[in-house]
Amino acid sequence: MSGTFVGMPAFPKAAHDAVHNPTLRGNLRHATHTIRAKRALAVGELSDWAELREAGRRIKDHTLRHLDRYLVKLEEAVTAAGGTVHWAVDADEANRIVAQLVKETGESEVVKVKSMATQEIGLNEALEAEGIRAYETDLAELIVQLGKDRPSHILVPAIHRNRAEIRDIFAREMGEWGRPAPEGLTDSPADLAEAARLHLREKFLRAKVGISGANFMVAETGTLVVVESEGNGRMCLTLPRTLISVVGIEKVVPTWRDLEVFLQTLPRSSTAERMNPYTSMWTGTTDGDGPRTFHLVLLDNGRTDTLADEVGRQALRCIRCSACLNVCPVYERAGGHAYGSVYPGPIGAILSPQLRGTASEIDASLPYASSLCGACYEVCPVAIDIPEVLVHLRERVVEGGPAVREGNRVVLRPARGHAAERAAMRAARWAFAHPGALRAGQRLASRTRRLHPRTLPGPGRAWSGTRDLPAVPAEPFRDWWQRTRGGQDGAE
């Protein structure tokens, strides 16, 4: 199991297999529609939601423009509070740092708070290779780990599983990881939660090292923030003697006042709650309270490259609420695994190809994993224009061009398999630049409309295989306008 899932088939193939799984589609439809409806009610309670959304966008954009300054300020504040800051340029370096820090404690087990960043870098697998076992403590992450599975949703990683499947996983696997599931375990939510609580309790009390991510980092004080709903995060953040937090560099906000905006928008957009049941904040170390040693690993892993893209950098505003997944018609039918990344759905379709590049088949296909309906933009609490970035990345895949990879300016070559698309777009550009040719082509298409095939030949078959070709009108709009309006208002 890889944190990045590279090696999976391209999105069209993976999605084709997923949509033929009726259990998966049923699980996703029920879960996403439920979350979507609850979120709409929670957001509707705020008369100033649009203003909060705009404030979040402005804060994020300001921070990204001055990211170097705020990261240095954050490092200074964390260090002054008794913590130690490490900088990781990529996943391999981050994994080496964390593994070494755990080894220095003499421990071989760690407990983990749900963290997208550690999934992104494949930390669990890297620790296992060093003889260190990582235990996920979030309920959904526990289900994924016990089931030898992969997360399929940002907020609810096991959204593709139903209660009966979860019961079977617990009954079969818990004993291999620690305390076994109770005899006669049912699939009622209360019984499943109690089984997880009993299984995890001994790990919380035994673990000497905790690993987390963070939802936000406050530069002015060096404070880290984790929001969650189960209390497992609070246990991991307070009981171990050593705490290691792996956080993407884009998670910093300048001040506590800025944090206040996101503590309103994140819970309503994610869990449809007015506030999260557990909001944990810590600043360095304090004698007699919480971990005695704190390490912060600041992760780049493609974020600086993304920041260099004036259009694509808005993906770094993301606060991981998952609202875009719950309204996306493509995600609802294909599920999260088809995206080949720990970041599924619309945000994954623009974030993964920027963090990892578009060299692999799966990453080159992700910008096309969308209908461009715009629902994701409408619900995003920081106003990321996902359709705009998708179109931008599609152009990069088809045409290639300048980009920044690993800190260096490069010229990307067009991805293979798009020659026909490039030729069609160039032909269209030429036609639109020559009105006479365009007019002649429109008239020819109208007069031969009865001879047009229902599907396109050759490479075009991939497009028309899942879409109806638009019917050609009996006459072009220009001719209709000339005939009915007689050239009035300056019409040709």
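The values are calculated or read from the model by the stated rules, or taken from the named source; none is laboratory data. Here the structure is a predicted model, which means the values were calculated and not measured. Heads up, the Cβs are rebuilt from the backbone with ideal geometry, glycines too, and the neighbour counts pull from every protein chain shown. In case anyone asks, the SASA skips ligands and DNA or RNA and just uses the protein heavy atoms, side chains included. Shrake-Rupley method; radii C 1.70, N 1.55, O 1.52, S 1.80 Å.
So the values come out like this:
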read-out	value
Calculated SAXS-style log₁₀ I(q)/I(0) at q = 0.10, 0.24 Å⁻¹ - segment 354-450, Debye, Cα scatterers	-0.42, -1.19
Per residue accessible area in Å² of segment 161-219, where ligands, DNA and RNA are left out and the probe is 1.4 Å	47 Å²
Stokes-Einstein D for segment 259-365, Kirkwood Rh over Cα pairs, 37 °C, 0.692 mPa s (µm²/s)	200 µm²/s
Kirkwood hydrodynamic radius of the chain, Cα pairs, Å	24.6 Å
Segment 8-85 - Rg and Dmax from Cα coordinates, angstrom	21.3, 55
Relative contact order computed over the chain (Cα-Cα under 8 Å; 6+ residues apart), in percent	19 percent
Segment 140-192: GluC sites (Glu not before Pro) in DSSP coil with no more than 14 other Cβ atoms inside 10 Å	E183
Sequence-distant residues sharing a close amide H with L456 (under 5 Å, placed H)	S464
Contact order normalised by residue count of segment 39-190, Cα under 8 Å, 6+ apart, percent	12 percent
Extended-chain gain in nm, criterion 0.36 nm per residue less alpha-carbon gap, Q482 and T238	80.2 nm
Volume per residue of the C-alpha convex hull in segment 127-174, rounded to whole Å³	81 Å³
Where no second cysteine Cβ lies under 4.7 Å, the cysteines concerned in the chain	C236, C318, C321, C328, C373, C380
Percent carbon-and-sulfur accessible area, the chain, ignoring ligands, DNA and RNA, probe 1.4 Å	53 percent
Neighbour-limited loop hits for trypsin sites (Lys or Arg not before Pro), segment 323-416 (at most 15 other Cβ within 10 Å; DSSP other than H, G, I, E, B)	R416
D_trans [Stokes-Einstein, Kirkwood Rh over alpha-carbon pairs] for segment 147-191, 4 °C, 1.567 mPa s, µm² s⁻¹	114 µm²/s
Residue-wise HN-Hα coupling along segment 241-249, computed from phi with Karplus coefficients 6.51, -1.76, 1.60 (Hz; x: Gly, Pro)	6, 10, 10, 10, 10, 9, 9, x, 5
Relative contact order (%) - criterion: Cα under 8 Å, at least six apart; region: segment 257-411	23 percent
Integer Hz, Karplus 6.51/-1.76/1.60 couplings in order for segment 392-403, x for Gly and Pro	4, 6, 4, 4, 5, 5, 6, 9, x, x, x, 7
Accessible solvent surface per residue of segment 81-121, calculated while the other protein chains remain in place, 1.4 angstrom probe, Å²	40 Å²
Distant-in-sequence amide H partners of L412 (H built 1.01 Å from N, under 5 Å)	G401, A403
Whole-angstrom gap from segment 90-106 to segment 233-291, using each part's C-alpha centre	22 Å
Rg and Dmax of segment 173-228, Cα atoms only, in Å	16.3, 52
HN-Hα J in Hz across segment 254-263 - Karplus 6.51, -1.76, 1.60, θ = phi - 60°, x for Gly and Pro	x, 9, 5, 4, 5, 4, 4, 4, 6, 6
Loop-located GluC sites (Glu not before Pro) in segment 1-95 whose Cβ has at most 15 other Cβ within 10 Å (DSSP)	E45
For segment 2-151, Kirkwood radius (reciprocal of mean inverse C-alpha pair distance, Å)	19.6 Å
Three-way shape label, segment 293-417, alpha-carbon gyration tensor, a/c 1.5	oblate
Under-5 Å amide H pairs with H86, H placed in peptide plane, nonlocal only	L296, V297, L298
Cα gyration tensor, segment 223-290 - rounded (a/c under 1.5), prolate or oblate	oblate
Fraction in percent of alpha-carbon pairs per bin - 5 Å, segment 186-341	2, 8, 13, 16, 19, 18, 13, 7, 3, 1, 0
Residues of segment 301-364: accessible area per residue with a 1.4 Å probe, Å²	22 Å²
